[in-house]
Amino acid sequence: MSVLDNIIGGVSGKRTIHLAVIGFPASGKSYLLSDMIATLAEMGYESELPELTFQHSSFGAFYYDAFNNDTGGMKQTPPSACRPANHYGAVMRHKGTSRRIAVDFLNIPGETFQDADAQLRRYYNLRDALQSIKGKGLLELTVWRNPSGKECYVLEPALSVRGKYALPSYDGLSKLTSNDFEGYAQNYRDWAMIYSELNYYQYTLCKRKPVSGDYVLKHFFELNTDSVFATIVDVWQGFANGLDKMEYLTSNAFNDFYYMHYSSVATDMVICDKIFEPGNNAAENYNFLSMIETLKDLIRGNKRTNVYLAFRGADLMLKPCTEAYKERCNLTPLNEGRMGVYSLFESQIQAVCLDGAVADDALLDVNPDGYCIASGGDLRSHLRNRLGGDIAHGFKSLMHEAYGSIADSEGLPPHVYFTATPIDEHFEIYDNDRLDATRFVRSETDADGNKHWKAFHIEVTRGGKRQFCFGTYQLMCDILKQNNITLK
C-alpha cells in the first residue's frame, strides 16, 4: 500500500479541520486555498449539501469572492471586518465510503500582525475581559429563524440592562427595511444595519437565553459577528473596566480580534511566503519574522495547532526544465507523477539549502529571468531567513512552539512546501498575463503555425483539464496525516 493509499481515505466518523491561511499581499494565500480545494477533490472528497445550521459560506462562494469573474484573475484580500460569510467551509465525504471531514478556513491578511505588541495587548485584554462575564445579567443569545428554517445567532445586551446603559429601542430598529448593509465590509455594522439585514431576509426572533462571556468566545464563529461587537460596545462599562473603548473603536481592534481569535484556536496554520518579485528591485515591505513571533504567542497553550510553511513561486524555477518534468509525468499515472516530480524538485531545493549551489544537471532555475528574490540576496539566504538559523528563530521557532522538541538541521525541516498553482495535469506551466498579473495564460501553436492563447482558469473549469496541485498535494497529505485522517 502506497503513501497515497494510506492518506486519501480517512477514518470512520467525521474529523474537523480549522485551517488558518496567513500571509502578506501577493504571498499566494487565495491561490493556495483554491489548490487545496482542488486537491481534496483529486483525493476523492466531495462537498455535502450544507445543513441549515451551517453558518459559513461554501467553497463555491469562496471561488466567487476570490476570483474576478470577468478576467479570471485573483482579487487581493484586504484587511476588513470579517464575518461568517467571509469564512468558508464544507463537510466533505470520501466517494464510495462513509468517511467524512469537516473543513473550514479563513484567509488572513498578514497586515493583521503589523503592529504586533499593541494588537496582541488589545486582543488578550478584551478576551480576558469577556471571560470575566459569568452567568446571567449582561449578555443574551437570541435565535432568529427565516422561512426556510435557517437560523442566525445574534448576541444582544440582556433585557434587564438596556435601561441602565440607555440603549436604543431595538423594536424600532428591527422594523427597518433598507438593504444598505450590502457591501458594508470595512467596519462592523451598527444595530440599525444588523436588524435591517435580519428583516430583509425575513428572520423572526424565536428564542432568547442568557450566556456568559466564555460561551461567546467558544461559539464566536457561529455568531452574527456584527452583533457581538455592537453588544460589546453597548455594555462596555459593565465588564471592560480599565480598557479604553475609543482605542478599540479607532484602531481596527475588532477587525483584528476575529483573525487573532481564529488563529489562536485553529487546528492547522499555513504560513504563505513568496520567493520572487518581478523586476530587478526587491520590495520587502513587510516583517515576516515579526508575524511569526505574533503567531507563536497566539498558539501558545493550544496543543492542537499544526503549522506549515508554503512558499509561492516554484513554477518560475521549474519552467526552463518543463520538458524534462513532462517526460517523467508521462510515464506514470497522475498521482504517482505528482509525488515523483515533487520529490525530485524538493531534493534539489534541499541541496541549495545545504550547499547554496545548484548542480550543473539540476532541473532547477534559482535565478528566473525577469525576477529577483523578494527579500534581496539569493534563494538560499531567503529560505534561511524564513526558516530560521535554529529553533529559536523564524518558522523553526513556530514549529518548536507547535510540536515541542524538533530536530534542528541546516536543510529543509518537515512541513515546508513549495507550491505552484498554474500547472495542469500535463505539466503545462501557465505564465502571468502581462495585462493582468493575477491571471495565468500560455500560448499554443497549431499545425498551421497559428498561435492560440489558453487561460488556466478556463482550462481547468471548462476545458476538462485537472490541476497538478504542485506542492499543495503534498501539503494537503501532511495536513490530513497530522489530523489522523488515515486508513487503519
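The values are calculated or read from the model by the stated rules, or taken from the named source; none is laboratory data. Everything numeric here is computed off the predicted structure, so don't read it as measured data. No Cβ is skipped: glycine too gets one built from the backbone with ideal geometry, and neighbour counts run over all protein chains shown. What goes into the accessible areas is simple: the full protein's heavy atoms, side chains included, and nothing from ligands, DNA or RNA. Shrake-Rupley method; radii C 1.70, N 1.55, O 1.52, S 1.80 Å.
Between F105, F59, which is crowded, with 18+ Cβ neighbours inside 10 Å, modelled with pLDDT under 90 and within 17 Å of the chain's Cα centre (by Cα)?
The match here is F59.
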If I filter the stretch 72-91 for residues that are charged (D, E, K, R), over 15 Å from the mean Cα position of the chain (by Cα) and either open to solvent by less than 20 Å² (accessible area, probe 1.4 Å) or modelled with pLDDT of 85 or more (or both), do I get at least one hit? no
Expected output for the stretch 472-483 (first residue assigned to a helix (DSSP H, G or I), partner open to solvent by 20 Å² or more (accessible area, probe 1.4 Å) and of a type in the set (F, W, Y), Cβ below 6 Å, 6+ apart or cross-chain) is Q474/Y417; L475/Y417
For H261: the one exception among (1) farther than 25 Å from F105 by Cα; (2) surrounded by fewer than 22 Cβ atoms within 10 Å (Cβ to Cβ): (1)
Screening L383, L387 for residues that are under 26 Å from R304 (Cβ atoms) and touching a Leu at 6+ places or on another chain (Cβ under 9 Å) leaves only L387
Starting from the stretch 114-135, keep only residues that are within 15 Å of L217 (Cβ to Cβ) and open to solvent by less than 20 Å² (accessible area, probe 1.4 Å), then list their pairs with residues that are aromatic (F, W, Y) and not in a loop (DSSP other than H, G, I, E, B) whose Cβ atoms are within a distance under 6 Å, requiring at least 6 positions of separation or different chains. Y123/F257
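Would you call T204 open to solvent by 40 Å² or more (accessible area, probe 1.4 Å) and in contact (Cβ under 8 Å) with a residue 40 or more places away in the chain?
Values: open to solvent by 40 Å² or more (accessible area, probe 1.4 Å): yes; in contact (Cβ under 8 Å) with a residue 40 or more places away in the chain: yes.
It is true that T204 is open to solvent by 40 Å² or more (accessible area, probe 1.4 Å) and in contact (Cβ under 8 Å) with a residue 40 or more places away in the chain.
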Residues of the stretch 395-428 that turn out to be of a type in the set (A, V, I, L, M, F, W, C) and open to solvent by 50 Å² or more (accessible area, probe 1.4 Å), as a count: 1
Note on G172: of the conditions (1) crowded, with 16+ Cβ neighbours inside 10 Å; (2) part of a helix (DSSP H, G or I); (3) modelled with pLDDT under 90; (4) not aliphatic (A, V, I, L, M), unmet is (1)
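Does at least one position in the stretch 331-342 carry a residue that is in contact with a Phe, Trp or Tyr (Cβ under 6 Å, 6 or more places away or on another chain), at pLDDT 90 or above, in a helix (DSSP H, G or I) and crowded, with 22+ Cβ neighbours inside 10 Å?
Going residue by residue through the stretch 331-342, those that are in contact with a Phe, Trp or Tyr (Cβ under 6 Å, 6 or more places away or on another chain) are 338, 341.
When the remaining residues are screened for being at pLDDT 90 or above, the result is 338, 341.
With the extra rule that they be in a helix (DSSP H, G or I), the set shrinks to 338, 341.
Pick out the ones that are also crowded, with 22+ Cβ neighbours inside 10 Å and you get 338, 341.
Looking for residues that are in contact with a Phe, Trp or Tyr (Cβ under 6 Å, 6 or more places away or on another chain), at pLDDT 90 or above, in a helix (DSSP H, G or I) and crowded, with 22+ Cβ neighbours inside 10 Å, one finds at least one in the stretch 331-342, hence yes.
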Please count how many residues of the stretch 432-453 are more than 28 Å from S27 (Cβ to Cβ) and in a strand (DSSP E or B). 4
Residues within the stretch 382-394 that are in a helix (DSSP H, G or I) and open to solvent by 50 Å² or more (accessible area, probe 1.4 Å), tallied: 2
Any residue in the stretch 351-373 that's over 24 Å from D390 (Cβ atoms) and at pLDDT 85 or above: show its pairings with residues that are open to solvent by 70 Å² or more (accessible area, probe 1.4 Å) and among the basic types (K, R) at Cβ separation under 8 Å, as long as the two are six or more apart or on different chains. D365/K319; P368/K319
Tally of residues being in a loop (DSSP other than H, G, I, E, B) and either under 23 Å from R338 (Cα atoms) or of a type in the set (A, V, I, L, M) (or both) across the stretch 11-50: 7
From the residues in the stretch 233-258 that are part of a helix (DSSP H, G or I), touching a helix residue (DSSP H, G or I) at 6+ places or on another chain (Cβ under 8 Å) and of a type in the set (S, T, Y), which one is surrounded by the most Cβ atoms within 10 Å (Cβ to Cβ)? Y258
Under 7 Å by Cβ, and 6 or more places apart or on different chains, what pairs join a residue from the stretch 448-466 that is farther than 20 Å from L334 by Cβ with one that is open to solvent by 60 Å² or more (accessible area, probe 1.4 Å)? K451/T445; H452/E444
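Based on this model, can you work out whether L139 counts as crowded, with 21+ Cβ neighbours inside 10 Å, farther than 24 Å from D268 by Cα and in contact with a strand residue (DSSP E or B) (Cβ under 8 Å, 6 or more places away or on another chain)?
yes
Test D408 against the criterion of being of a type in the set (D, E) and either over 29 Å from the mean Cα position of the chain (by Cα) or assigned to a helix (DSSP H, G or I) (or both), and give yes or no. Give the steps one after another, and end with the answer.
Numbers: of a type in the set (D, E): yes; either over 29 Å from the mean Cα position of the chain (by Cα) or assigned to a helix (DSSP H, G or I) (or both): no.
It is false that D408 is of a type in the set (D, E) and either over 29 Å from the mean Cα position of the chain (by Cα) or assigned to a helix (DSSP H, G or I) (or both).
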Go through (1) assigned to a strand (DSSP E or B); (2) over 25 Å from E277 (Cβ atoms) one by one and return the number of the condition F418 breaks. (2)
With respect to the numbered conditions (1) modelled with pLDDT under 90; (2) surrounded by fewer than 20 Cβ atoms within 10 Å (Cβ to Cβ); (3) under 22 Å from the mean Cα position of the chain (by Cα), which one is the sole condition not fulfilled by R439? (2)
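Taking D297, is it assigned to a helix (DSSP H, G or I), charged (D, E, K, R), closer than 23 Å to L19 by Cβ and open to solvent by 20 Å² or more (accessible area, probe 1.4 Å)? Write out each step before concluding.
On the way: assigned to a helix (DSSP H, G or I): yes; charged (D, E, K, R): yes; closer than 23 Å to L19 by Cβ: yes; open to solvent by 20 Å² or more (accessible area, probe 1.4 Å): yes.
When the stated conditions are applied, D297 passes them.
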I'd like to check something: does the stretch 369-380 contain any residue that is over 21 Å from D431 (Cα atoms), not acidic (D, E) and not in a loop (DSSP other than H, G, I, E, B)? yes
Residue under question is A230, and the condition is that it be open to solvent by less than 20 Å² (accessible area, probe 1.4 Å), farther than 30 Å from K481 by Cβ and outside any helix (DSSP H, G or I); does it hold? no
Quickly run through the stretch 304-330 and pick out the residues that are over 20 Å from the mean Cα position of the chain (by Cα) and crowded, with 22+ Cβ neighbours inside 10 Å. D315, L316, M317, L318, Y325
